[in-house]
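In what follows, a structure is listed as structure tokens, so that the remarks can point back to it.
The values are calculated or read from the model by the stated rules, or taken from the named source; none is laboratory data. All values derive from a computational prediction rather than experimental measurement. Cβ placement follows ideal geometry from the backbone for every residue including glycine, while neighbour counts extend to all protein chains displayed. Please note that ligands, DNA and RNA were not included when accessible areas were found on the heavy atoms of the full protein model with its side chains. Shrake-Rupley method; radii C 1.70, N 1.55, O 1.52, S 1.80 Å.
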Amino acid sequence: MESRADAVVLFGATGDLVRKKLMPALYQMAKAGRLGVPVIGVARSAWGDARLRNYAREAVEATAVGAVDEVAFGQLAESLTMLVGDYGDYGDYGDYGDYGDSAMYDELAKRLEGTDRPVFYLAIPPSVFPQVVQGLAKAGLAARGRVIVEKPFGRDQESARELNGWLAGAFEQRSIFRIDHYLGKESVEGLLVFRFADTFLEPFWNRNSVAGVQITLGEAFGTEGRAASTTGSARSAACCRTTCCRWSRCWRWSRRSPTTRTRTATRR
């Protein structure tokens, strides 16, 4: 089977992650001549193709260094189409509703006819992962596709295992990719080493000697319409950005430690 994706499906296409990260990344791929596949945006918002393309334009202009490459953006815009549907409700992890709108998944399957290796990027709250994965499986799309999940993967070990069970029940393990903002952050690891390995500070850096800790959240934007995942936004701020960096890691699920298999990416 061809390993290169021949279609990209963005669940949560009208959201913050797509605007700030994925659209600029797709633009850079087009600029490098490495896109060349249809990109289907899926969301509940009643958008058409034109609005999605305008959204992409705004995202690219906000992040581009210098002038936008019109040829590259034209290729990206031409590849973009929108599919509106209810891919699931925003219940808790134990409330999966009716797995969303089956007609939407059937329409998605029609649009993906002729593709061999689509990739499904779940830029949505983790509570909706099971609905989407189940919908893709019922439509016969999971068997030949790959899935990327980016979010805090569960709120604890039990919910993470539950989410992993849903993914593994529909996709092969080699076709599941996880990007988690929290696991093994180098900044936290560095603090642990600094705390316990420094023989000078070790006796003093504890509750008996530290009077207080001040945390600065140096970001200019807020939840920006992400009401459905406000709790996730708070967790993201508390776990990631208070250490002055955002770290993410993508790996295939394995018993081996992810720190032995991946690179890290840090930004101020």
Problem set entry | Pairwise label distance in nanometres, ARG207 with THR63, each label 7 Å out on the Cα-Cβ vector | 4.2 nm
Exercise. What does the accessible area per residue of region 105-154 come to in Å², with a 1.4 Å probe and no ligands, DNA or RNA counted?
Worked result: 31 Å²
Exercise. By average Cβ neighbour count within 10 Å, what is the ranking of 126-137, 162-173, 11-22 from highest down?
Worked result: 126-137, 11-22, 162-173
For this session: For region 1-88, compute Rh as the Kirkwood radius over C-alpha pairs and then the Stokes-Einstein diffusion coefficient at 25 °C and 0.890 mPa s; write the answer in µm²/s, rounded to an integer.
Result: 187 µm²/s
For this session: Scan around ILE179 for amide H atoms under 5 Å from its own, H built in the peptide plane at 1.01 Å from N, and keep only partners 5 or more places away or cross-chain.
Result: VAL149, GLU150, LYS151
